[in-house]
Amino acid sequence: MDFLYNTVFALFLYFPEDKSEYIPAAITSVIFIIGAVLTMRFIIAYSHKEALKTKELEEEITRRNQRNHDSVK
């Protein structure tokens, strides 16, 4: 049973003797983290712009409705 246990974990865990093998993985991780942060910032900025557009549209519709309501009286 101990052999099976070690074999299964050996498939998922790999610790190289030469630590320089970690460098490409670290570089790739940093690139993806930077990309994720930039994407998140872009989405937040875009969302903020859309919220401002929506607020302006809502105010315009409210003004139109107010004018129409005032003209009916």
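Side notes on the structure shown:
- Within a Gaussian network of the chain (alpha carbon springs, distance under 10 Å), most fluctuating of 61, 31, 44: 61
- Counting only DSSP H runs of at least 4 residues, each contributing -39500 (n - 2.57), and dividing by the residue count of the chain, the helix-based mean residue ellipticity at 222 nm comes to -31000 deg cm²/dmol.
- Note, ³J(HN,Hα) from phi for the stretch 27-43, Karplus 6.51, -1.76, 1.60, rounded to Hz, x at Gly and Pro: 4, 4, 4, 4, 4, 5, 5, 4, x, 5, 5, 4, 5, 4, 5, 4, 5
- Note that the stretch 44-61 has calculated 3J(HN,Hα) couplings of 5, 5, 5, 4, 5, 4, 5, 5, 5, 4, 5, 5, 5, 5, 4, 5, 5, 5 Hz, one per residue in order, obtained from phi through the Karplus relation 6.51 cos²θ - 1.76 cosθ + 1.60 (θ = phi - 60°); glycine and proline are x.
- Taking the C-alpha atoms only, the angle from helix 2-12 to the longest principal axis of the chain is near 50 degrees.
- Distance between modelled label sites at residue 56 and residue 33, nm, 7 Å Cα→Cβ extension: 3.8
- Computed E for residue 7/residue 45 - FRET, C-beta separation, R0 35 angstrom, nearest 0.05: 0.10
- Taking 28, 39, 62 as the candidate residues, the one with maximal mean-square fluctuation in a Gaussian network model of the chain, Cα springs under 10 Å, is 62.
Bear in mind these aren't lab numbers, they're just calculated from the coordinates by the rules spelled out. Just so you know, these numbers come straight off a predicted model, no measurement behind them. In this analysis, Cβ positions are derived from the backbone assuming ideal geometry, glycine residues included, and neighbour counts consider all displayed protein chains.
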